[in-house]
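Here is the structure we will look at.
The values are calculated or read from the model by the stated rules, or taken from the named source; none is laboratory data. Computed from a prediction, not measured in an experiment: that's the story for all the values here. In this analysis, Cβ positions are derived from the backbone assuming ideal geometry, glycine residues included, and neighbour counts consider all displayed protein chains. The area values use the complete protein model at the heavy-atom level, side chains included, leaving out ligands, DNA and RNA. Shrake-Rupley method; radii C 1.70, N 1.55, O 1.52, S 1.80 Å.
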Amino acid sequence: MTTAKSAAREARGSDAFRRIARAGFVVVGLVHIIIGALAVSIASGAGGDADQDGAMEQIRSTPVGGLVLAVIAAALIALAVWNIVSAFVATGGEVKKWGQRIKLLGIAVAYLVIAGLATVYAFGGNAESEESSQTLSAVLLSAPGGVILLIAIGLTVVGVGIGFIVSGFTRGFEKLLDLPSGKGRMPIVALGVTGYLAKGVAVSVTGVLFVIAAWTHDPDKSGGLDAALRSLADLPYGRVILWLVGAGLAVYGIFSIARARYARM
């Protein structure tokens, strides 16, 4: 009798499934390159939304934007399913196994959210991540214990961002890849270090905004990635910082495209 775990292992062994899931990394890379370009544009004094919905809007404005968005959604769903399947077959001790499962399922949810955005934009709709963040903050702040919960959400997001930064400094992401030896290895590692550091900064600042919203009881203080990146511009030498983080996010996108080739799957 086939169990859920054995079915999951069989699915992971499918070459076709693996190739489709790898395409998801290309899609993630494309989205980050666009977000990074938008952040650099903002740092240079231009407009735009430097977040996932801003990237979707840019893609939709192209002649084949609807089709590209549909492909993006399909590839991200495949990558999310891959992570869910991987969670079923996680190995190790109980603590390590459940830690892996929680991490993989969290990543899958993130991919599914972006896939949902792509689907909405593919069919002509619109979605504002900043408004969603502010609405969530307002709902929580009006609920009993909501302040504590919103702070917990913010600190969790900060923790994810710090995880990216640590992985960038320690090159922990190398464990996820089958990298070539010789001269071809270091350029990919350099892309990963730069990209992970920039991604970590952006994610951490997003979490800080949730904490500020809870602390000040002002849901308008929270926001998505675009608000986080724009807040960097208010710092001393903020435009330079925003430019560097934006460029780093684009580098993370290039690294994600390379990951499609070298990811351990």
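Observations
- Just one of the listed residues (Pro180, Pro187, Pro144) is more than 25 Å from Ala55 (Cα to Cα), out of contact with any helix residue (DSSP H, G or I) (no Cβ under 7 Å at 6 or more places or on another chain) and part of a helix (DSSP H, G or I), namely Pro187.
- Verdict on Ile59 being buried (at least 19 other Cβ atoms within 10 Å of the Cβ) and over 15 Å from the mean Cα position of the chain (by Cα): yes
- Evaluated against (1) closer than 27 Å to Ala214 by Cα; (2) open to solvent by less than 90 Å² (accessible area, probe 1.4 Å); (3) in a helix (DSSP H, G or I); (4) modelled with pLDDT under 90, Lys97 falls short on exactly one condition, (1).
- Any hit, segment 114-123, residues being at pLDDT 85 or above, open to solvent by 60 Å² or more (accessible area, probe 1.4 Å) and either hydroxyl-bearing (Ser, Thr, Tyr) or more than 20 Å from the chain's Cα centre (by Cα) (or both): yes
- Residue count for segment 30-63, restricted to those that are in a helix (DSSP H, G or I) and among the acidic types (Asp, Glu): 2
- Residue list for segment 23-42, filter: farther than 13 Å from Phe255 by Cα and either open to solvent by 10 Å² or more (accessible area, probe 1.4 Å) or among the aromatic types (Phe, Trp, Tyr) (or both): Ala23, Ile34, Ala37, Leu38, Val40, Ser41, Ile42
- Some residue of segment 148-160 being more than 25 Å from Ala258 (Cα to Cα), assigned to a loop (DSSP other than H, G, I, E, B) and free of Cβ contacts under 8 Å to residues at least 24 places away in the same chain: no
- Ser86 falls short on exactly one of the conditions (1) touching a helix residue (DSSP H, G or I) at 6+ places or on another chain (Cβ under 7 Å); (2) open to solvent by 40 Å² or more (accessible area, probe 1.4 Å); (3) among the hydroxyl-bearing types (Ser, Thr, Tyr), and that condition is (2).
- Matching entry among Gly224, Gly182, Gly207 (being at pLDDT 90 or above and not aromatic (Phe, Trp, Tyr)): Gly207
- Condition check for Arg185: charged (D, E, K, R) and open to solvent by less than 70 Å² (accessible area, probe 1.4 Å): no
- Residue within segment 242-261 that is under 16 Å from Ile153 (Cα atoms), part of a helix (DSSP H, G or I) and open to solvent by 20 Å² or more (accessible area, probe 1.4 Å) present: no
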